[in-house]
Amino acid sequence: MKAAFLTGHGGNEVVTVGECPLPPRAPGQVRVRLHAATLNRVDLYMRDSGAGITHTLPQIMGLDGAGVVDEADADEPLLTPGQRVLLHPGVACGRCEFCLRGDDVLCTRYQLLGEHRDGTFAQYVTVPARNALPLPEGWSFAEGAALGVNHLTAWRMLVTQARLKAWETVLVFGIGGGVSLAGLQIAKALGARVIVTSRDDTKLARALQLGADHAVHSATQDVAKAVQSLTGGRGVDVVFENVGEAVWPAAMKSLVRGGRLVTCGATSGDQPGADLRRLFIRQLQVIGSTLGTLSELHDLLGFCQQQGLRPVIEQTFPLDEVHAALSRLESGQQFGKIALAIDGSP
Ligand SMILES: [Zn+2]
């Protein structure tokens, strides 16, 4: 089969498209013939460093994916060959204390596709059968792929961690990336009021079209002041962010008393000032979050179908052009997900 491998670390040269044997399937697993995958920031991290993530090279890249079931156990109760599925990228042990309490995303032996084991930039992948969920009717494979990482991450952040209410206001930093767009879509569908920030006028305009209530230009406006003015001097209930250091002071200053800041990333740096006095006097909560559980993905699928919510796909590249796709992601110019069409059938 054809796949995009990571053969080293540092720049696009270490990413090679080539042939390898079909992945073997163990009992309890399904082999999925992939039709699409989408790119995530962590693909760039794996390409450039991969530090702190146990992995063996060469390794197939890619976290999320969607396709059709190629092979399953004869007595598999829910999945049949030919069925359209999307994947949850986390393979949990099912036995540790976190798995037993239903928080499989905290599993001590967690393995993520494309990080700790072969991923989805390939014609086939094998995963435990429970990691393959039915693709909603009418969805493209690229839309399905995007749900498994970005939307799942945003869902856990807003619903499970921040417990967002319909009457609350959310501030989403850096609109345009996959997670922030998913945050905007989910928060609006939940009924909340959403303020977005970006340094790019075009992205702000598109976010307003997607339902954002207010747009703040973070290069020309003081975000915290703009937020105070938009909220009558009150501040927002929830800050949703994955930018880290560059926005942290503004994020903390934008929160209402008792507000919650939920973060899933630190692309601009991970050591901001803690602003502890503000934290305890105003009784703020800072909540970390990563990905989401199988149960949360199941809920998210139901939510998306009921609300008619679908991931935004910006551009699709063939698998052979994975370098161009990675460069596009790295540019930060995109609004929505960058997808890979595998076998030309996104
Ligand atoms: Zn576990």
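Every number here is computed from the coordinates shown, using simple stated rules; none is lab data. Note that the coordinates shown come from a computational prediction; the quantities given were computed from them, not determined experimentally. Backbone-built Cβ (ideal geometry, glycine too); neighbour counts: all protein chains shown.
Brief remarks on what is shown
- Modelled spin-label separation between N12 and D320, with each label point placed 7 Å from Cα along the Cα-to-Cβ direction: 1.5 nm.
- When you restrict to C-alpha pairs under 8 Å that are six or more residues apart and normalise by the size of segment 6-131, the relative contact order lands at 32 percent.
- Taking label points 7 Å from Cα along the Cα-to-Cβ direction, Q307 and D103 give a separation of 2.4 nm.
- For L261, distant residues with modelled amide H under 5 Å away: V239, Q285, V286, I287
- Between H55 and any residue 5 or more places off or on another chain, the built amide H atoms are never under 5 Å apart.
- Average Cα contact separation per residue, segment 3-49, under 8 Å, 6 or more apart, as relative contact order %: 45
- Bridging of K188 to lysines at a Cα separation below 25 Å is possible for K165, K203, K225, K253, K337, once same-chain residues fewer than 8 apart are set aside.
- The phi-based Karplus calculation (6.51 cos²θ - 1.76 cosθ + 1.60; θ = phi - 60°) puts the 3J(HN,Hα) values of segment 45-57 at 5, 5, 4, 8, 8, x, 4, x, 10, 5, 7, 10, 8 Hz, whole numbers, x for Gly and Pro.
- Histogram of C-alpha separations across segment 1-132, 5 Å bin width, %: 2, 11, 20, 21, 20, 15, 7, 3, 0
- Each residue of segment 151-157 is assigned a 3J(HN,Hα), and the resulting list reads 5, 5, 4, 5, 4, 4, 4 Hz, derived from the Karplus form 6.51 cos²θ - 1.76 cosθ + 1.60 (θ = phi - 60°), x at Gly and Pro.
- For the chain, radius of gyration divided by Kirkwood radius, i.e. Rg to Rh on alpha-carbons: 0.97
- Mean separation of Cα contacts under 8 Å, 6 or more apart, over the residue count of the chain: relative contact order %: 18
- Ratio Rg/Rh [Cα only; Rh per Kirkwood] for segment 138-231: 0.98
- Panel values: segment 284-346, Kirkwood radius from alpha carbon pairs, Stokes-Einstein at 10 °C and 1.306 mPa s, translational diffusion coefficient 111 µm²/s.
- Residue by residue, segment 74-81 carries 3J(HN,Hα) couplings of 4, 9, 4, x, 10, 10, 10, x Hz when phi is fed to the Karplus relation 6.51 cos²θ - 1.76 cosθ + 1.60 (θ = phi - 60°); x denotes Gly or Pro.
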